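Notes to accompany the following structure.
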Amino acid sequence: MTQQSLDNNKAIVVFSGGQDSTTCLFWAKKHFESVELVTFAYGQRHDTEIEVAKRIAEEQHVKHHILDMSLLSQLTPNALTQHDMEIEVGEDGIPNTFVPARNLLFLSFAGALAYQTNTKNIITGVCETDFQVPDCRDSFIKSMNVTLSLSMDKDFVIHTPLMWLDKKATWALSDELGALDYIRYNTLTCYNGIVGEGCGECPACELRAHGLNTYLAEKGEN
């Protein structure tokens, strides 16, 4: 019996409510007729992340799935799930916010959801500017795309619209999508759980602010 083909007009975005995944949401809405979001609760540093993701989903009128992945916090100590750990970068260049197998598991579960909802396209905001993080590399995504498709005998496509962009270019893309201000003031990137422009001191805030200020300066707005 021939299996039903996946709907090429449908997409699922792996969604945290941060700058990158929200940019991917707006990118998906531009390119696909039907968009849904999937957020994973894995004991992340701030419950605020889940609440921000919920609010953005409601405001953008997209269906939102929240899946329990709390097992991740039991597998290894890291600064994203251990609230008392200081955020540091190791000698190997990998920050202790790295959660081993996180994107492997996220994309596996996103694929299972895509299978159930007959969705061909899976979108994630990983990028090669995080090359020190193994599961953000293009080579990993390509291998995962093959693995997902073989594991379920479905022709999935994993899209990574930010793969070759630095933070300045990501802001530029959000501007092209007409969403720069929305993303600037409504997303959560800050490791200290402050929505919008954040604490201004943690590594995530510094990277985000540097990209934004560089982009605005080039536009003549800063």
**Report entry** the range 22-73: relative contact order as a whole-number percent, Cα under 8 Å and 6+ apart
**Finding:** 46
Report summary line: Taking every other residue with Cβ under 12 Å from the Cβ of Gly17 and scoring Lys and Arg +1, Asp and Glu -1, one gets -4
Report summary line: For the range 178-222, the dipole about the Cα centre with charges only on Cβ (Lys and Arg +1, Asp and Glu -1), to the nearest 20 debye, works out at 100
**Report entry** Amide proton proximity set for Glu197, modelled H, under 5 Å, gap of 5+
**Finding:** none
**Report entry** Flagged links, alpha-carbon separation over 25 Å, of Lys54/Lys120; Lys30/Lys168; Lys10/Lys54; Lys120/Lys219; Lys29/Lys54; Lys142/Lys167
**Finding:** Lys120/Lys219
Query raised in the report: So how do Asp68, Asp181 rank on accessible area, 1.4 Å probe, biggest first, that is with the largest at the start?
Result: Asp68, Asp181
Report task. Just round it to a whole percent: the fraction of Cα-Cα distances in the range 108-152 exceeding 16 Å. Result -> 40
Report summary line: Residue separation between Asp138 and Ala209 times 0.36 nm, minus their alpha-carbon distance, gives in nm 23.1 nm
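The values are calculated or read from the model by the stated rules, or taken from the named source; none is laboratory data. All values reported here derive from a predicted model rather than from experimental measurement. Using ideal geometry, Cβ is built from the backbone for each residue, glycine included, and neighbour counts are taken over all protein chains shown. These accessible areas exclude ligands, DNA and RNA; they are computed on the full protein's heavy atoms, side chains included. Shrake-Rupley method; radii C 1.70, N 1.55, O 1.52, S 1.80 Å.
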